[in-house]
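Novice: Questions regarding the structure given below will be posed in turn.
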Amino acid sequence: MTELDVTDERVYTNKISKTCKHSESSTLALPEAPQATAAGVPPGPAATRAKRPRPPSGRTNLASCVVATIFLIFIIMVVLIVYYTVFKPQDPKIAVNAVQLPSFSVVNGSVNFTFSQYASVRNPNRAAFSHYDSSLELLYSGTQVGFMFIPAGQIDAGRTQYMAATFSVHSFPLAAPRLGPTFANGDGVGFNYGLRVQPTLEIESKLEMAGRVRVLHFFTHHVYAKAGCRVAIAVTDGSVLAFHC
């Protein structure tokens with residue numbers, strides 16, 4: 001082999017070596033392909049974000065509604081029990097303690113007297129009792145012979161208010177007096193159980209009171225109370241023989 005051939009072979013070998021190096025550098029310069037995910041899809045920008053919590057399901061909403069309803073029903077039941085056991089409005093209690101006739105006279109078959117009645121009104125409620133204008137009416141044989149106006153007022157919770165009413169009764173014809181009993185304890189008016197019998201007349205008094213009670217400053221309840229008494233009076237001297245309410 002000649003020297004020229006050897007030189008040509010070396011030149012040819014150097015060209016091939018440079019070409020291979022250039023190919024390797026070109027191969028290394030290529031960008032790496034993105035790695036595929038398990039599903040075979042390249043990861044997107046959403047994969048790097050935190051996952052949002054799932055909204056509550058229909059079963060969770062239904063359970064919350066059931067629990068809230070049961071709790072509300074329980075609260076309503078407790079309120080009703082307390083209302084009807086502790087704060088339930090009650091009608092006032094009227095008690096007539098005494099009846100008197102300070103003056104009494106009979107002239108030409110007509111009677112004229114002054115009537116006095118002492119009563120107590122008890123408010124059993126836990127709230128104040130506000131009563132409207134009331135009246136005390138006096139009847140004889142079903143006909144009104146006397147009347148007294150009682151102005152509106154208020155009785156505090158659990159308190160008792162005492163009332164004294166005195167008014168003059170205009171003269172009215174006296175029917176044939178009947179024989180009646182004498183009692184000291186106010187029982188049995190109209191029955192012949194007394195110790196002595198004398199002419200009597202019988203009158204009837206009616207005390208009525210109406211008003212309202214406001215419980216817990218919200219619930220308003222209307223209440224009503226009345227007291228009716230029959231009074232036996234001796235025609236001879238106007239003494240009160242007995243009264244029954």
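Novice: Ser168: accessible area at probe 1.4 Å, nearest 10 Å²?
Specialist: Surface accessible to solvent at Ser168 totals approximately 90 Å².
Novice: So if R0 is 22 Å, what FRET efficiency would Lys88 and His217 give, r being the distance between their Cβ atoms, rounded to the nearest 0.05?
Specialist: My answer for the efficiency is 0.85.
Novice: Still on this model: What does the charge count near Phe104 come to, summing +1 for each Lys or Arg and -1 for each Asp or Glu among other residues with Cβ under 15 Å from its Cβ?
Specialist: -2
Novice: How many nm is it between the label spots at Met77 and Asn108, if each spot is 7 Å from the Cα in line with the beta carbon?
Specialist: Spacing of the two 7 Å Cα→Cβ label points: 7.7 nm.
Novice: Find the centroid of the Cα atoms in region 85-127 and in region 137-156, then give the distance between the two in whole Å.
Specialist: 9
Novice: Okay, moving on. For Tyr224 and Glu204 in the same chain, what is the full-extension length gain: residue separation times 0.36 nm, less their Cα-Cα distance, in nm?
Specialist: Computed gain between Tyr224 and Glu204 is 5.2 nm.
The values are calculated or read from the model by the stated rules, or taken from the named source; none is laboratory data. Just so it is clear, the model here is predicted, and its values are computed rather than measured. Because the Cβ atoms are built from the backbone with ideal geometry, glycine has one as well, and the counts that use them run over all protein chains shown. Please note that ligands, DNA and RNA were not included when accessible areas were found on the heavy atoms of the full protein model with its side chains. Shrake-Rupley method; radii C 1.70, N 1.55, O 1.52, S 1.80 Å.
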